[in-house]
Structure formats: structure tokens, C-alpha cells
Amino acid sequence: MNSPNLLFVFADQHRACDLGCYGNPEVATPHLDALASAGLRFTHCTSNSPLCVPARGSLLTGQFPWNHRALTNDLPVRPDAPSIARVMQASGRRTGYIGKWHLGGIPRDRFIPEGERLGFGAWKAYNCNHHYSKGFYYDEANHRHGMENHAAIAETDLALDFIRQHRGVPWSLHLSWEPPHDPYQDVPAQYRRRYHGADLTLRPNVILPARLSEDRVVDEGTLRENLAGYYSLITLLDDQFGRLLSALEETGQRENTLIVYTSDHGDLHASHGYLNKQMPHAESVGVPLLIAGPGVRRGVCEETIGLVDLPVTLAAGLGARWEDPSDGQDLSSLLTDPKAAGPEGVLIFDLVPVHQSAARGAPEWLGVKTKEATWAMGPDGKDWIHYDDAKDPFQRLNLAGASQGAPDRAALRSLTERLLARHRYRFRPWAQMLKEDKFLGEWNRSQAHFHLPLLD
């Protein structure tokens, strides 16, 4: 039998709580739920940097953004960064990437030259496009192709072609869907009808009206409409996931394929009065992680794991060697040993309040997520948020500044400081950091492209 294949599927802005297998009965995800039953479901998978570009960079390179250089949205990844594709190629696997890339800087519709693809071979991708009914992709020769179907369906078609064409040889495919990221209503009618007008349950920590920016808010009617569209997109993705599983079965590759589903970050949907992402709260940093395949145990893993750990962990689980420097840890023992321990906690941060975060006036922040708590400090180094997640799972009581939980808060700060020292990073105000760490040129190019203020 060939070395195991890797099918790595990830969505954009899919929070963990909105899957049937994570406890939401109102969103239909039977195929993803079946994967959870067949393999391992992680309850504490965390997006270290809950924003598209830095999270995606870490997912592929096993490095934190200050090392892979895709520090915030629309800053490009370092072309020579280590990557899961290079490790898979070195292990004898054919590699492919399909869908959203968003690691190529600006403009968002530019093609990605071969030297910037982090070693991926087969290529059917685009930098960024939030018009799902007007999808497109560039091929290996940088020729642009339009999509006749909804982008998620068309990208799945391309993935099916890859799976069928590579039967008989070991392969590694990354499929990157752009939904359920907004626009929430850009979804085929049969999916929208399923949820439109439904009396969907709002999370207990929703605060309305929610802030979209300092001068724009979203009311309950709009929130419910957005949530219905969000669920519609998730069910669309679940159907596409079912097509992938069927193709693996039909080609006799299911038993020899490690299958992974996750997301780059979550979506707040008015929890705590916020929208989108870039916040430390569970709806923003908490993402699904489902893994099934050769050697993977069945059950639930309650250990912590960050997205930065995933490429290193999966490479090890597939018997490949990750020789380049990485920030991510090899946690492959979690896949096979129910007694294995994960890290004490994982770093979480938004180092630059860009775009949506800047529009709502949020600060830069950095902290840690453990199994029991979430803590973060603001740019002044003072406690900003502290939640006892074990006792307060919806994070409705911020303990920062309170005498309650002070010893725990001190321990969380100490853990954060140890992790920063290990990864050689010093948290500073964002403008100072951009200058000192030589991000200023790329930052100003991006800002100018979006007609936003430059930094001197």
C-alpha cells in the first residue's frame, strides 16, 4: 500500500460551535458529523491569530506571523518559508492546492507565481475573492478560468478531479473554501430556503445592536438574516464534503487517506456585541478540528492545540520529517494515544488592528488560551480580558481588573511570557512593531492600495 494521502480541507470563518457534532442541532452538517464519529474531534483547537492571512500562513508553514511574514491581512507570506507542501513533496507525495490563498499581498485578484506557492505543485487557486457566484481561479500556468457554479461547488469539482487523477500514487491536497465568510447571502437558493425565516437560537452572549464599526451597528433582524445565510453556507460546504468522501470511497482511497477539516478562524455574529473576528473570544478563536484516517483513534480530544501546530503534527502523523525551524509543535501523539498531553496553553493575538478591527476601534492584543481560561493584555501590557472558560463557557463575566481570579490571572500572564520568550517575540504597540520588525514597506503598500492612512 502507498504511503497515506492527506486531504486537508479548511473553510474561512467557520466557528467551532456551529456544527452538529459540536452541539448545534440547528445547522445540518451530517457528513462532517460522520467524520467526527469516524475519527477524532478536538474541543480546544485555537486559531492563534484569528484573521485570514496570518492564520493561513501559520496553517501552511508551522510558523507564527512574525516569522512567516504574512503578519496581517494583505501582507504576503515569505516565499522561502518552510511549508507542509515542501515536506509532503520531500516524502514522495504529489501536492496540490485548490481555492482561496490570500497570502499573496495586493491586489487581491493577482495571480500567484510559482515561486510564491510555498512548494505546492498542482494549482487551481486565487488570492482572494468574496463573490462566490462569480468565482475564478488561476492554473499552474497562471491562466485565469471562470467558474460556472458557486465557488465552493466548483472548487470541490476540481478537488474530485485531483483525487481521481492521482489514484495509485501518494498525494497531499489542500482544499480551501472561502465560505462561510460573508457575504452570507451569496448561496444557492435551495440552501438559503432551508434556513430563511427559521427561528434560529442566538447564543446567550449576543449583545445587540452589535458594532460593525464605530458608527455602524447591526440589529437583531439583520443578525438573524446573516445567521441564516451563514448556516446555509455551512450546509452547502457539508454537502461538498460528502462528495469528497464519496470520491475517496469510489476510488478505493478512503482507508489510506488522512482526512482533516478545520477553519482559519471563527465568526462572532454579535457575541459580546462584536461582528466578524480578530477578538480573543471563543467565537473568534475557537475553530473545529476533525481528523480521521489511518492510525487515528476515535473519540474526543480535550487537549489544547493551535493552528500553528497542525502542519507539523500532520507531517509527523504521516511519517514525514519536518526539518525546517517551526513554531508549531509535533502533537501527533494526540492522534493515537488517549493519555497524551497537549501544551499547557497556546498563544493568541491580533498584532495589528487592521480593516474591520480598525473600523470598530479595537486595540492590538496578545494573550493565551488554555483548556480552562482565556486571558489577553492590551498594548499597554495591562490585563484586558480574562474569562474562566470552565465556569463561564459563554464568557459573560470579564474578570480583568477584579480581585476574583487574580492568582489565575498571574499564572496566565506568566505562561504567556514563557511562550513569548520561547518564540522570541516582544509584544509592542502595533506601529512601533511594524517599524522595528521591518514591515513598514509592505504595510504602506497595502494601506495605499485600500486608500487607508499610511504610517510614517
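The values are calculated or read from the model by the stated rules, or taken from the named source; none is laboratory data. Every value quoted in this text rests on a predicted model; they were computed, and no experiment measured them. Cβ: placed from backbone, ideal geometry, glycine included. Neighbour counts: every protein chain shown.
Based on what the data block shows, is Val187 crowded, with 23+ Cβ neighbours inside 10 Å, aliphatic (A, V, I, L, M) and either in contact with a helix residue (DSSP H, G or I) (Cβ under 7 Å, 6 or more places away or on another chain) or assigned by TED's automatic domain parsing to the domain that holds Tyr126 (or both)? Judged against the criteria, Val187 is a match. Across the stretch 217-260, the qualifying residues are those that are outside any helix (DSSP H, G or I) and without any contact (Cβ under 8 Å) to a residue 40 or more places away in the chain, and the one among them that is farthest from Ala198 (Cα to Cα) is Val217. Restricted to helices (runs of 4 or more DSSP H) entirely inside the stretch 1-112, no element has at least 1 residues that are on the phi > 0 side of the Ramachandran plot.
Residue by residue through the stretch 418-446, note down the ones that are among the charged types (D, E, K, R) and in contact (Cβ under 8 Å) with a residue 24 or more places away in the chain. Arg428, Asp437, Glu442, Arg445, listed by residue number. Answer yes or no: is there a residue in the stretch 137-146 that is within 21 Å of Thr262 (Cα to Cα) and surrounded by fewer than 23 Cβ atoms within 10 Å (Cβ to Cβ). Taking every residue of the stretch 137-146 in turn, none turns out to be within 21 Å of Thr262 (Cα to Cα) and surrounded by fewer than 23 Cβ atoms within 10 Å (Cβ to Cβ). For Ile84, the requirement of being more than 16 Å from the chain's Cα centre (by Cα) and either surrounded by 24 or more Cβ atoms within 10 Å (Cβ to Cβ) or not charged (D, E, K, R) (or both) is not met. Suppose we filter Ala247, Ala270 for residues that are surrounded by fewer than 21 Cβ atoms within 10 Å (Cβ to Cβ) and more than 17 Å from the chain's Cα centre (by Cα); which single one remains? None of the other options fit; the residue is Ala247.
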